[in-house]
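Below is one structure; the comments refer to it alone.
The values are calculated or read from the model by the stated rules, or taken from the named source; none is laboratory data. Small disclaimer: the values here were computed from a predicted structure and weren't measured. Note: ideal-geometry Cβ built from the backbone for every residue, glycine included; neighbour counts use all protein chains shown. What goes into the accessible areas is simple: the full protein's heavy atoms, side chains included, and nothing from ligands, DNA or RNA. Shrake-Rupley method; radii C 1.70, N 1.55, O 1.52, S 1.80 Å.
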Amino acid sequence: MAGEVCNYLGIPLGGAKIDRFPDGEKVIRIEDDVRGRDCFVVQSTCKPVDDNLMELLIYLDCLKRASARRITAVIPYFGYARQDRKDEGRVPITAKLVANLITTAGADRILAIDLHAHQLQGFFDIPVDHLAGELVLGKYFRDMKIPDLTIVSPDVGNMKIASRYATNLGGELAIIYKKRITGSDVQPQVIIGDVEDRNILMCDDIIATAGTVYRAINMVREHGAKKIFLGATHGVLTTEAVERLSKSDIEEIAVTNTIPLNDNTRKLKKIKVLSVAAMLGEAIKRIHRNESVSSLFSNI
């Protein structure tokens, strides 16, 4: 991804060498002079989360000690984002911990895409530029010109995102109301809106286990839906998700490259990977020039 961003900007990719000590410790050496430079480190803290997070922290510390003028941590996918509150006793708020670590390591600014909750921006004591994957996914589905389109929110919590897609793509809106049976069992109950003889699009920021969306797919199919499309900014796609989606009757799953595909996710034959490099590159250019970043997604 960093290479694609550099191609968009027309600049070479910065050089770095990564080695390991015999005990497994990473050692990173920046191979370019960065003194007084505006530096951007592109690193998603996806699986293996802890390894990628530690590598990001070492890069930030390395640049800070090399006298970089400003350091921006470009984190397309921010791991630990879902641990953003204490929902029971004796648990950490790891999202805040990671935010503190990144700041302490030397980041002056954060550039991220679709944090799990917008309020995570407040966990950082440094400026955060928050981009929306809808810029990429919305354009892709708009160019497909899907007829008889209904945007379906798999749950009430996703209603705001679904409403924006419906407005931007000119489709109808439907919402699935679900009831929690137990702590781990959620059952869809009723569809608010019309899906019969309609083409369906479901979009979210993350597809991890695909439990909710799998039940939603089955439900709209039972109610007479025609073609079903899925979209997600971050395709976490666990083994369980791959199994569920592989046997689902869907036309296509569109995800962005904030998380690289692994051997498991490549088993999904209907997956389409969209690049966010141009969006990141434009945001990086504007940050470097001290121009507005928010205007990139002001129409969302």
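Of all the Cα-Cα pairs you can form in the chain, what percent are over 34 Å apart?
Numbers: 11443 of 44850 pairs.
Taking all Cα-Cα pairs of the chain, the fraction more than 34 Å apart is 26 percent.
Return the calculated 222 nm mean residue ellipticity for the chain, to the nearest 500 deg cm²/dmol, obtained by summing -39500 (n - 2.57) across DSSP H runs with n ≥ 4 and dividing by the residue count. Each step should come with its number before you reach the end.
Working: 8 runs with 91 residues, N = 300.
Counting only the DSSP helices, I get -9500 deg cm²/dmol.
Any chance you could look up the accessible area of D108 with a 1.4 Å probe, heavy atoms only, rounded to 10 Å²?
70
What share of the DSSP beta bridges in the chain is antiparallel, in percent to the nearest 5?
25
How high is the FRET efficiency between S292 and H118 when r is their beta carbon distance and R₀ equals 22 Å, given to the nearest 0.05?
Efficiency, from the Cβ-Cβ distance: 0.75.
Leaving out ligands, DNA and RNA, and with a 1.4 Å probe, what % of the accessible surface on the stretch 1-114 is carbon or sulfur?
Exposed carbon and sulfur together represent 49 percent of the surface.
I'd like the accessible area for T239: 1.4 Å probe, protein heavy atoms, all chains in place, Å² to the nearest 10.
Rounded to the nearest 10, that gives 80 Å².
Given a Förster distance of 22 Å, report the FRET efficiency between D194 and S163 from their Cβ-Cβ distance, rounded to the nearest 0.05.
0.90
With a 1.4 Å probe and all protein chains kept in place, how much accessible area does S294 have, in Å² rounded to the nearest 10?
In the full protein context, S294 sits at about 70 Å².
Could you please state how large a percent of the accessible area of the stretch 249-300 is carbon and sulfur, counting protein chains only and using a 1.4 Å probe?
After summing per-atom areas, the C and S share lands at 45 percent.
How much area per residue is accessible in the chain when the probe is 1.4 Å and only protein heavy atoms are counted (Å²)?
Numbers: 15310 Å² over 300 residues.
Here the residues of the chain average 51 Å² of exposed surface.
Ignoring ligands, DNA and RNA, how do M279, M159 rank by accessible area with a 1.4 Å probe, largest first? Could the numbers behind the result be given before it?
On the way: M279 15, M159 80 Å².
The most accessible residue leads, giving M159, M279.
Please work out how much length the chain gains when fully extended from I11 to D61, using 0.36 nm per residue of separation minus the C-alpha to C-alpha distance, in nm with one decimal.
Taking 0.36 nm per residue and subtracting the Cα distance, the gain is 15.7 nm.
Please build a GNM for the chain, connecting alpha carbons under 10 Å apart, and tell me which residue among N290, N264, N199 fluctuates the most.
Top of the fluctuation ranking is N290.
Rg to Rh ratio, the stretch 1-146, alpha-carbon atoms and Kirkwood radius?
My calculation puts Rg/Rh at 1.01.
In what order, largest first, do Y177, Y165, Y59 sit by accessible area if the probe radius is 1.4 Å?
Details: Y177 105, Y165 10, Y59 40 Å².
Solvent-accessible surface, decreasing: Y177, Y59, Y165.
Counting Lys +1, Arg +1, Asp -1, Glu -1, what net charge surrounds I110 among other residues with beta carbon under 11 Å of its beta carbon?
-2
So if R0 is 25 Å, what FRET efficiency would D50 and D19 give, r being the distance between their Cβ atoms, rounded to the nearest 0.05?
E(calc), rounded to 0.05, equals 0.85.
Which percent of Cα pairs goes in each bin when the distances of the stretch 170-277 are cut into 10 angstrom slices starting at zero?
14, 46, 32, 8, 0
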